[in-house]
Structures are given as structure tokens and as C-alpha cells.
Amino acid sequence: MAQEKKEPREKRGARSSDERREPQAQPQSGEWKERVLQIRRVTKVVKGGKKLSFRAVVVVGDGQGQVGIGVGKSSEVIGAIQKAIIEGRKSLIQVPIFKKTIPHPIVSKAGAGKIMLKPAAEGTGIIAGGSARSVLELSGIENILCKSLGSDSALNIGRATIKALSELRKFKDVANARGLTLEQMLN
């Protein structure tokens, strides 16, 4: 008897090993990452009793220098998160990144939240906690030292971090304001 050579049958939708292992690409300019910082149940006292709703605080960033923070309220958690994402995309700021860190140290305050940011050497990573870490990671900064000096509120610390990042100035802009070249200022 002649032996028939059996070939494995291809399954529909089966992928080869090369197709399964796709490299994880960095987000492009159109890709946004969202991170929920806080979800709180809030109540409002009205004439008939208490009205229950949810508040979501969300950070939105592209990992390449753009970041924003948004707050949304709704009677459902999903609705609050969606509203916060929309507000976060409306309030985007551009962060000046210099050698994967920030150009200079800064202290900023928003509400009762006070934050201190310092540039760090290559390989340090993000030394920060809570909502400040989320804001810094989504902005694309890789090496930074951060300390929260005021409030413990996630919203206040997030807003203080965004304010500090928006107040940063590039070396080129400072040199132009002083009437110097970049080389003269850095020497």
C-alpha cells in the first residue's frame, strides 16, 4: 500500500509565529493613552434628598510631549470617564523635553497641591508618586525627580504637575529673550 503523506490542515484565521509577535510600537501622533487617576462617588443635597453621581479624574497623553488632565461628572462611571477624556484632550499642553528630562528645576502650586520637579541624569527613571507619576509618564519624560509638598488630593497634585510642566522654558527661548546665542548662554 502506498502511504499517503498527510499535510497539516490550515485552520481558518491561523497566524504564523511571525504574525503573532508584532513589535510594540511607541504611540504615533494620533495615538493617545488615557490613565484614570481617581473615581469618586459624590452626592449633592437637593430638595428631595441626595443626588448620587460619580467624578472621574483622567490624564491623557501621547508620550511625546503632549499631556492634559480632565475631570468629568456623570450619574454613571463610564460616562464620567468619557467626559474626563474629552476634557483632557481639550486641555493639552506641550512639554519641553531636553535629553529625556526637563530643562530646569521648578516648583509650582495649584490649589493646595504644591509640587517640585528636578531634572535627573540618564537612567534615573521617574522618581515620583501617585498622580504626578502618571502625568510625567504620559508626557514622555523618562528621567525626573519629583516631590509632592502639599495636598494629597490626586486632582490638585495632577493640576500642579501640569502647571509646572507648562511653565517650563526651553534654553533657546531664554537665550533669545536675553539677546544671547545658545552657545553663549550654556557656557
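Those residues that are in a loop (DSSP other than H, G, I, E, B) and in contact (Cβ under 8 Å) with a residue 60 or more places away in the chain, I need them from segment 31-57; list them, please.
Within segment 31-57, none qualify.
Please go through segment 128-180 and give me each residue that is more than 24 Å from residue 40 (Cα to Cα) and either free of Cβ contacts under 8 Å to residues at least 12 places away in the same chain or acidic (Asp, Glu) (or both), ordered by number.
Across segment 128-180, the qualifying residues are 142, 167, 172, 173, 174, 175, 176, 177, 178, 179, 180.
Could you tell me whether any residue of segment 77-85 is in contact with an Asp or Glu (Cβ under 7 Å, 6 or more places away or on another chain), of a type outside the set (Lys, Arg), modelled with pLDDT of 90 or more and not assigned by TED's automatic domain parsing to the domain that holds residue 141?
Within segment 77-85 (the criterion being in contact with an Asp or Glu (Cβ under 7 Å, 6 or more places away or on another chain), of a type outside the set (Lys, Arg), modelled with pLDDT of 90 or more and not assigned by TED's automatic domain parsing to the domain that holds residue 141), the answer is yes, since at least one residue qualifies.
Could you list all residues from segment 141-171 that are surrounded by 14 or more Cβ atoms within 10 Å (Cβ to Cβ) and among the basic types (Lys, Arg)?
If the condition is that a residue be surrounded by 14 or more Cβ atoms within 10 Å (Cβ to Cβ) and among the basic types (Lys, Arg), then 147, 159, 163, 170 are the ones that fit.
Quick one: which strands (runs of 3 or more DSSP E) sit completely within segment 58-165 and have at least 2 residues that are in contact with a strand residue (DSSP E or B) (Cβ under 9 Å, 6 or more places away or on another chain), among the basic types (Lys, Arg) and under 30 Å from residue 186 (Cα atoms)?
Per the criteria, 113-119.
The values are calculated or read from the model by the stated rules, or taken from the named source; none is laboratory data. What you see is a predicted model, and the numbers here were worked out from it, not measured in a lab. So basically every Cβ, Gly included, is an ideal-geometry build from the backbone, and we count neighbours across all protein chains shown.
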